[in-house]
Amino acid sequence: MDKLEYILLADDNENDLELTQRALSQHKLVNEIVIARDGAEAMDFLYRRGAFASRPEANPALVLLDIKMPKVDGLEVLEAIKKDPRLQHVPVVMLTSSRLGPDVDECYRLGANAYVVKPVDFMQFADAVKTIGKFWAMLNEAPTGNVRTAGAGS
Amino acid sequence: MPVEFRTKVVTGGILAVVIFAVIASISYLSMESNDRERRWVVHTHSVLEELAGLLDSAVRTESEQRRFLWTGDEHYLAAYGADQKRLKEQFNDVRTLIADNPVQQRSLDHLQIALQELTAGMDQRMAIRKERGEPAAIDSLGQKQGWSALDDTRNLVSTMQAEELRLLRDRTAQVERSLTETKVSLIFANLLGLLFMISTATIVRREMNSRQIAEKKLVAANQELGAFTYSAAHDLRAPLRHLHGFANFLQQSWHAKLDEDGRRLLDKILKSSQQMGQLLDDLLSFSRLGQLEFRRTRVNLRDVVDRVIQELQPETQDRGVKWEIEDLPEIEGDPSLVHQVVLNLIANAVKYTRKRESACIAIGAQQNSEVGLVTVFVRDNGAGFEMQYANKLFNVFQRLHRAEEFEGTGIGLAIVRRVVERHGGKAWAEGELDKGATFCFSLPKWRQSDGQARVHSVGR
C-alpha cells in the first residue's frame, strides 16, 4: 500500500487528536503524523518558523485542518496555504463537527480539497480518514506546482 | 395588552359614533328651528300686510261715506257697503293671525271699539243725509267724534304694526343667535369628533408599532433559540464522538480481555452513544428547518416518490412490498424539503409494515377542498396506531412505539409537519391499531400548471 510521506494534523482537541491518530495508524496509512495544537502552530510548521525552524524542507503530503481552533483558525490556515505558491499544491482536508453553516461554502471558496464532517460514529470517521488517506496517497506522485483540484475525497 | 387595546379602540369608536350622532341631531334641530323661525317671519309679514289693508279699508269707507254725504249718490253707498264688508273680513283675518299674542289681542280689542265707533258715526251721518238732506249731513261732519275714531283707528293700527315689527326684530335676532349657537356647537362637535378619531388612530398606530416591535423581537428570539439549539447540539457532538470513539477502540483492541458481561456493557455504551448521535443529528436538522430559506419551484411529486422508493431499495429488496402509486400532481415547493417529507413518510410506511407478510403501500393525491392546495396521502397496512394519539405523532421526539419494536427517534413526522406548514399546508394522520395508517399532507399546487398535471380523485 502506498503511504503518505507525512501528514500535518492540526486540531486543538486532545481527544479528537488521539482518535484521528489511532484511526490513521490503525490503517497504517502514514509514516509520520505531525501534530499542531492550533492554527498558529500549523502556520509555524508550514513556514518553518519558531519550534519548527529546523524541520526538513519537504512539505506535508496532506494537511488535515480542524476549522475551530484557538489563535488562528482552520480557515485562516487554509487561506494562507492556498495563497502561497510553494504550498498551494498541498492537499488540504477540512475537519469539522458540522456540515451546516457557512463554513462549507467558505472552505471550498478558499480552495479546500475536501471537507469532512467528523461523524459521531467512530467507525465512519475512521473510514473517512482511511479513504482520504488512500486517495491522496494515490495522488502522491502528481506533478508539483499545480493546484490540485480534486472534488472528492470525503 | 391586547384587551386594553381593544377596549380603547371600541371606546374611541363608540365615542366617535356618539359625536357624529350629536352632530347630526344638532344639524337637524337647527334646520327645524330655522324653518320655524322663518315661518314666524313670514307670519309677521302677513300680519303687517293685513293691518295695512285693514287701515286702507277703514280710510276708504270714510271716503265713501264723505262722498255719499256730498253727493247723495247711491253708488257710493254700495261701495261703502262693500268696503265695510271687506273691513270686517280683514279684521277677522287679523284676529286669527294674532290669536297667539295676548298683547296684540288687547290692542285689537281697542281697535275693534275704535272701528265700531267709526262705523257708528258714519252710519249715523249717512242716515241723516238720507233723512234730512245734504246740509244737515255736512254739518254733522264737523262734529269731532267722527274724526277721533279714524285717528284712533290709525294710531291703534300703527301701534300694532310697531309691535309686529318689534317681534320681527326679536325673531330675526333669535334666528341669528340660534344660528350662531348651531355653528359653534357644530364646530365644537366636529373638533371633538376629529380629536377622538385622531386619538383612536394614534392608539391604533402605536399598537401596530408595538406589535411590529414585538414581532421583530419574537423573530429574533426564535432565531436565537434556533441558534442555541444548533450550537448546543453541535457542541454536544464532540464529547459524544470521543466517547464513541474510545469505546470503539476498547472493543477492537481489548475485546478478548473482557468477559461476556463487560462486552455486553461496552456494547450498550456504543449503542447508546450512537443513538444519542442520531438524536443530536435529528435535533440539528429540525432546528435548521426554522432557519433555512426555502425555494419555491415546480416539483414533480412522481419523480420525488420514484427517487425515494429507489433510495429505500436496500430496505425493501428482501421484502415483498406492493407499491400502489396513483397519478401525482406537480406541486410548488422546495425540492429538497419536499423530498425530505416524502422520504420520511414512505420510510415510515416501509418501517411499520416490516412485520407484515404482504406489505402494501399506496401513494396518491386528492383535490383539496382548500383552493390551490393538493392533498397527498401515503397509506400502509402496517402497525397503525390508536386514533386518540393521532396528533401526538407530529410532535418532536414523540413516539407511539417502543424503540425495541420499531427503531427511530421521533423526529421524522415533526419535520414533515414543520416543512408542510412552512409551505402553507397541513399534515395529519389517520390510523387503526394493527390495521394500518394513512398520512396526509397538503401542499400548494403548481400554479402555471398547463393541465398536464392531472389530479385524480381517489376513493378509498
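The values are calculated or read from the model by the stated rules, or taken from the named source; none is laboratory data. Here the structure is a predicted model, which is why all the values come from computation and not from measurement. Virtual Cβ from ideal backbone geometry, glycine too; neighbours counted across all protein chains shown. Accessible surface areas use protein heavy atoms only, side chains included; no ligands, DNA or RNA. Shrake-Rupley method; radii C 1.70, N 1.55, O 1.52, S 1.80 Å.
Please work out the Kirkwood hydrodynamic radius for the stretch B:139-180, using every pair of different C-alpha atoms, and report it in angstroms with one decimal place.
12.7 Å
Within the set A:118/B:426; B:271/B:435; A:83/A:134, which residue pairs have Cα atoms separated by over 29 Å? Working shown, then result.
Working: A:118/B:426 36 Å; B:271/B:435 31 Å; A:83/A:134 26 Å.
Violating the 29 Å limit, Cα to Cα: A:118/B:426; B:271/B:435.
Based on alpha-carbon atoms only, what is the radius of gyration of the stretch B:246-385 relative to the globular estimate 2.2 N^0.38 Å?
Numbers: Rg = 20.4 Å, N = 140, 2.2 N^0.38 = 14.4 Å.
Dividing the Cα radius of gyration by 2.2 N^0.38 Å gives 1.42.
Can you compute 3J(HN,Hα) from phi for each residue in the stretch B:403-410, using the Karplus curve 6.51 cos²θ - 1.76 cosθ + 1.60 with θ = phi - 60°, rounded to whole Hz and x for Gly and Pro?
With coefficients 6.51, -1.76 and 1.60, one gets 4, 5, 6, 9, 5, x, 9, x Hz.
What's the long-distance tail for the stretch B:175-221, i.e. % of Cα pairs beyond 15 Å?
In whole percent, the long-distance tail amounts to 64.
Looking at the square roots a ≥ b ≥ c of the eigenvalues of the Cα gyration tensor of the protein assembly as shown, which shape do they give, rounded for a/c under 1.5, prolate if a/b is larger than b/c, or oblate?
Prolate.
Tell me what the protein assembly as shown gives for mean residue ellipticity at 222 nm when only DSSP H runs of n ≥ 4 count, each as -39,500 (n - 2.57), the sum divided by the residue total, rounded to 500 deg cm²/dmol.
Numbers: 15 runs with 373 residues, N = 614.
Taking each H run of at least 4 residues, the total per residue is -21500 deg cm²/dmol.
Based on the Cα atoms of chain B, what semi-axes does the equivalent ellipsoid have, where each is the square root of 5 times one gyration tensor eigenvalue, given in whole Å with the largest first?
Listed largest to smallest, the semi-axes of chain B are 116, 27, 16 Å.
Pick out, in residue order, every one of the chymotrypsin sites (Phe, Trp or Tyr not before Pro) in the stretch B:1-107 that is DSSP loop and has at most 11 other C-beta atoms within 10 Å; say none if there are none.
none
Given Cβ point charges of +1 (Lys, Arg) and -1 (Asp, Glu) and nothing else, what value in debye, to the nearest 20, does the dipole of the stretch A:22-75 about its Cα centre take?
100 debye
Considering Cα pairs under 8 angstrom that are at least six residues apart, work out the relative contact order of chain B and quote it in whole percent.
Normalised by residue count, the contact order of chain B is 12 percent.
Taking every pair of alpha-carbon atoms in the stretch A:57-106, what share in percent sits in each 5 Å bin, from 0 to the bin with the longest distance?
5, 19, 29, 25, 14, 6, 1, 0
Principal axes first, then extents: for the Cα atoms of the stretch B:7-131, list largest minus smallest coordinate on each axis, whole Å, largest first.
Principal-axis extents of the Cα atoms in the stretch B:7-131, largest first: 98, 25, 13 Å.
Give me the accessible area buried between chains A and B, both sides summed, with a 1.4 Å probe, in Å² rounded to the nearest 100.
That pair of chains buries around 1800 Å² in total.
May I ask you to order B:340-351, B:43-54 by the average number of other C-beta atoms within 10 Å around their residues, highest value first?
The most tightly packed comes first, giving B:340-351, B:43-54.
Need one value for B:237-250: mean number of C-beta atoms belonging to other chains within 10 Å of its residues' C-beta atoms.
Across the residues of B:237-250, the mean count of other-chain Cβ atoms within 10 Å is 6.
Quick query: amide H of residue B:325 versus all other amide H atoms, modeled in the peptide plane; which residues come in under 5 Å with a sequence gap of 5 or more or a different chain?
B:363
So what's Rg/Rh here for the stretch B:312-384, counting alpha carbon atoms and using the Kirkwood radius for Rh?
When Rh is taken as the Kirkwood radius, the ratio is 1.01.
Grab the other residues whose beta carbon is less than 15 angstrom from that of residue B:6, score K and R as +1, D and E as -1, and report the net.
Taking every Cβ under 15 Å from that of residue B:6, the sum is +1.
Where in chain B are the helices, taken as whole DSSP H runs, whose Cα atoms extend 20 angstrom or more along the long axis and whose Kyte-Doolittle mean reaches at least -0.5? Show your work: numbers first, answer last.
Numbers: long enough: B:2-71 (102 Å, 0.15); B:74-97 (35 Å, -1.02); B:102-132 (44 Å, -0.73); B:144-254 (161 Å, -0.20); B:260-289 (43 Å, -0.46); B:335-352 (25 Å, 0.83).
Sorted by number, the helices that extend far enough and score high enough are B:2-71, B:144-254, B:260-289, B:335-352.
Would you tell me the mean number of C-beta atoms belonging to other protein chains that fall within 10 Å of each C-beta in B:185-193, as a whole number? Intermediate values should be presented prior to the final figure.
Working: counts 0, 0, 0, 0, 0, 0, 0, 0, 0.
Per-residue shielding by partner chains comes out at 0.
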